[in-house]
Amino acid sequence: MSDFQAPDVRFHLPPGPPVKPKRWQRSYKWPIRIASVVVVLAALVAGTLAVVEGFHQRSTMTAVGGVAVDCGTRAVAGSIPVAFGDSVAVFDATSGASPRDEPLAVTRLSRLAVLTGDTCLAEFEIRDLPVVDAYVVRIGDSYRQVVGAAALKGGYLFA
């Protein structure tokens, strides 16, 4: 072993005078601070609104459904008493759909599309329907059917 140690070489500059802020930094100091605070607050508000809107869109959906009707009479052939223009009421299936219950939404079979020949589709659409597991859909005065949320979201054809 050698007793030789490498010297500790360091290069230090002597401290100089403090660097003065540039002229534009001195004259725009407060406006820059205020603008920075405004930008941060705007970003916080925009982020909060995005979270609230995202939650709202997850808790509601657009329900679409239809009934095949005769194009001439605009009514369902057979024993189902449903016709174009009838009211459509949607209830939460867990609460039932008794006449005294308040529906989640009400609309009408208001769109008519020709399918084939004498068969038409009487359709309805409900926007901002609260999402639940299952719904009772009442068309007209007496026709009722239990439908899942995924079926109404994708467009359900009532038979």
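The values are calculated or read from the model by the stated rules, or taken from the named source; none is laboratory data. On a predicted model such as this, the values are computed, not experimentally measured, just so you know. To get the accessible areas, we keep the full protein, side chains included, count just its heavy atoms, and leave off ligands, DNA and RNA. Shrake-Rupley method; radii C 1.70, N 1.55, O 1.52, S 1.80 Å.
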- request: Provide the solvent-accessible area of residue 51, counting protein heavy atoms only and rolling a 1.4 Å probe, rounded to the nearest 10 Å².
  value: 110 Å²
message: If you fit an axis through the alpha-carbon atoms of helix 29-59 and take the longest principal axis of the Cα set of the chain, what angle between them do you get, 0 to 90°, nearest 10?
response: 30 degrees
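Rounded to a whole number, what % of the accessible area of segment 13-159 do carbon and sulfur atoms account for, probe 1.4 Å?
The C+S portion of the solvent-accessible surface of segment 13-159 is 61 percent.
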task: Taking Cα Rg over 2.2 N^0.38 Å as the quantity of interest, determine which of (1) 2.27; (2) 1.42; (3) 1.30 was computed from the displayed structure.
output: (1)
statement: Expressed in angstrom and rounded, the centroid-to-centroid distance over alpha carbons for segment 116-159 and segment 1-46 is 65 Å
- line: With every protein chain kept in place and a 1.4 Å probe, the chain has an accessible area per residue in Å² of 73 Å²
- prompt: Okay, helix-only estimate at 222 nm for the chain: each DSSP H run of n ≥ 4 adds -39500 (n - 2.57), divide by all residues, round to 500 deg cm²/dmol; what do you get?
  reply: -8500 deg cm²/dmol
- prompt: For segment 1-70, what class follows from the C-alpha gyration tensor (a ≥ b ≥ c being the square roots of its eigenvalues): rounded when a/c is under 1.5, otherwise prolate if a/b is larger than b/c, else oblate?
  reply: oblate
